[in-house]
Structure formats: C-alpha cells, structure tokens
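First comes the structure, then the notes that go with it.
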Amino acid sequence: MSSKPGAAFVANPLSRNDTALAIHAIGISKCYQIYNHPRDRLKQFLWRGKRTFFREMWALHTLDLTVTHGEVVGIVGQNGSGKSTLLQLICGTLTPTSGAIQINGRIAALLELGAGFNPEFTGRENIYMSATILGLSSSEIENRLEHIIEFSGIRDFIDQPVKTYSSGMFVRLAFSVAINVDPEILVIDEALSVGDGAFSRKSFDRIMQLRDAGKTILFCSHSMFQIESLCSRAIWLDRGKMIADDDAAKVIADYQIFLDKSALPQNGETAPALSVAIQTPPPVESPHFAAGHARLETVNILVNGQDYKDTPIIYGHSSLSIRIAFVSDPTLPCPNVAVTIHSMDARTITSAATWEDHVMPIRQSDGRSCIQLTFDQLPLLKGEYLVSAHLLCERGIHVYESAIGIATLTVQQQGRLQGYFAMPHRWQNDTGHAPNEPGQSS
C-alpha cells in the first residue's frame, strides 16, 4: 500500500448521514512519511513526486469502525499498534491519508491535556480559548465558567499565567475544561482519572457520571481490568490493523492469550527476569484521612499466623493470609480491596476481590479499616510468587493505591508436580472400560 502525494481528505464523503451512529469511519488509513534528513523534505518538494526521499510508515490500515450513541468501547493493543492514532483521527487532530470519518456530536478528548494552552495566558483566558476551540459559544462559556473554575480547585490562581502553575494545577484546569463542555462523545487515552488525591476521585466520578448518562465513550488503555470493568465492547488493534471487535470479555481474554504467547521464550531462550517496582505504602504520620481520598496504611503477609519471612510455606499445608489496613474519607462510600498473586514473569496467577465475593469492609468512624484475606491449604506449587494489594473505589474500578510486589513468597513442596497450582481433582478406576489385552480386538 502506498500513499499518493497531494491526495485530499474530504471531511464527510459518506453517502448517508446516519445520526444513530456517534462515530462512523470507513476505510481510514494513516501513513507517515519518514525522512532520514531534514534536507530530504526540501528535495521531495523540489522534485514534485518524481523521486521519493522518504519511507512510509503506516500507522493504520483500511480500518472500518461504527460506534452507536451510548456505547462504551475499549481499545487495546501493544505500543505502536495504532491506538493513539485512531483516537487522534476521531478527535480531528490528525487527518486520514485515505478514508473518511463522520462524527455526530460534540467531542471531549482526554488525550494530551492542556496541549493547546498558551503559557502566557492566565487560567481564565485559557478557559475561554480552549472552550471556544471545543465549540462553545460565548454565552455557553459564561454559563460554565464558574463551574469549570470550581471543579478545577485552583480558584486562587485562575488569573495567574499558567506558566506559573505546577503540573498538577495545569492538568486539573485542562481536565475541567475538557470534561465540562457537555460532550456527547468522550475520548479517553489511558487515564480514567487525572491528578492525585481528592481530585483523582472527583475526575473519576465525573467520567462515571457521563457514562451513566448514556454518553458515548472511547477508552484506550493498557489496563485490561479497567477495560473489562467499564466497557461492553472492545477493539483489539495490532500493527495498525483491527484484529477483533467483539464483547469486551471475549476480546480481553483473546488479547491476554496473545500477550502470554508473546512473552514465552523462543528457540530455547530463557525468559527474562521480572524487574519489580516495589510500591510500599507510605508510613502513617497522622490518623487523619485525606479528604476525598483513600490510601493503604499497612500490608502484612502471614503464614500460619506468623510473619511469612520466618515461616516455611508448604504447598497444601500452609495457610497464607494478607492483612490490609487502610484509611479513607468517611464521607465517601467504603472502598474495596483486592489481592493479586503473580508469577515472577509478571503473569497474574490468581486474584481475589471483596466486591466479587460480596464482602464489604467494615469502616470505623475515624475512617480506618482492616480486612484479612486467607488462603487455606495453599494450592500453590513450588516456586516464587509475588503478592500485590490494591485499594479501589466502591465500584471496584478506580484504583486509589496499589502496593505492587509487596512480598515474594517461596513455596516448597514434596513430590514432583509441575505448574503454578494444583486443581481439585479425583482419580477413579473405570473397570467397565478397561483397555483391550494385547492381541484382542474390540
């Protein structure tokens, strides 16, 4: 496939204006021209296509996509698969090399937040400029201005140049503008929330409000857990081509199988060791909770009721307990807790979550909670495993905090069983279907 220099993109060449579709893309492709040297661009211009001084890099190949109003669609794929390119084409920040896209409704994009801000302008001036670009009239901006400022939480600095803002303040203001333009279509790249602390929770709640109000959402993420939790449909892209477009759970399962196969060592190679970033909860300095937020306090790993470092872990005999203490704002719904156990090559072996087991942590009046998960007669076979703990919102989607690789478990066993864990099973002699004796025929 080759691009044709000078080919024009017609904004809406689709044969019919189907307003039932929020997004309608037909045969869209995107090709980038890669030049080895800046001077090659001038040569390409002077030769007027008689010679080629670039190589083509196709980010998307002839992709068709329809999204109806109210759908929540996830997009998965490895880095370089074309996810961000697709989102930018939908948002209009890129034009396709070929094909056409029709958008029915106002778009709010959480891509590169604040990319259009002028650092010399004040926060207020940037609100006016960005909201105008997003399609709001002067009266609509005036009606929303106070809410945008209030939502951002930086009222005291709104009339200062944004070049004086911290990165957190900058992102807060950009998010507040993008999310408060009353979009019909919301495009999210990676983050279901922005900022930290209370604003992270507030931004997540605002996105959930739009979903619950029936807005169309495109959510691109490497978090398959969040894709499956939030979306009813998922699209899998690989090297610019659509591999699957189906129910989110099915696409995520197929994509996980693909990732697992890709991680397997080839031709007798040894699998690379996992480099684990240990994210231990910070020490507690005061008993007070952070307003609008929740955080882990301690995570203790116990084997047979004792510290796991001092006790051997035996397959089928030892009990493994993970005791998680956390603190949260009592004005928020009580958080959920999850635990994941991983192999050393980063595969999730198993997980447990309070919302899946219909267990609600009990919270004290000061916001503190402590809950313990126990695996009796641990079914893990010999080897090393990592334990992680997670604190999530009441929906089990927004992650307040995670303690990744908080402990490494070394499991011992008798016998030669192989694998990660032993499944419940039974053997039974079936004398009615004994194999034939040698020389006998059935």
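The values are calculated or read from the model by the stated rules, or taken from the named source; none is laboratory data. Everything numeric in this text was worked out from a predicted model, so none of it was measured. Cβ: placed from backbone, ideal geometry, glycine included. Neighbour counts: every protein chain shown. Only protein heavy atoms, including side chains, enter the accessible area calculation; ligands, DNA and RNA are left aside. Shrake-Rupley method; radii C 1.70, N 1.55, O 1.52, S 1.80 Å.
Among the criteria (1) within 23 Å of the chain's Cα centre (by Cα); (2) without any contact (Cβ under 8 Å) to a residue 60 or more places away in the chain; (3) not in a loop (DSSP other than H, G, I, E, B), the one Trp355 does not fulfil is (3). Counting only strands (runs of 3 or more DSSP E) that sit wholly inside the range 58-119, those with at least 3 residues that are within 23 Å of Arg206 (Cβ to Cβ) and open to solvent by less than 10 Å² (accessible area, probe 1.4 Å) are 72-76. Based on what the data block shows, is Tyr400 free of Cβ contacts under 8 Å to residues at least 60 places away in the same chain, surrounded by 19 or more Cβ atoms within 10 Å (Cβ to Cβ) and either over 21 Å from the mean Cα position of the chain (by Cα) or within 30 Å of Cys231 (Cα to Cα) (or both)? No, not satisfied.
Scanning the range 60-93 for residues that are at pLDDT below 90 and of a type in the set (A, V, I, L, M, F, W, C) yields one hit, Cys91.
For the range 90-119, filtered to residues that are under 26 Å from the mean Cα position of the chain (by Cα) and of a type in the set (Ser, Thr, Tyr), the residue that is farthest from Cys31 (Cα to Cα) is Thr93.
Test Arg48 against the stated conditions and say whether it is open to solvent by 60 Å² or more (accessible area, probe 1.4 Å) and at pLDDT 85 or above. Against the criterion (open to solvent by 60 Å² or more (accessible area, probe 1.4 Å) and at pLDDT 85 or above), Arg48 does not qualify.
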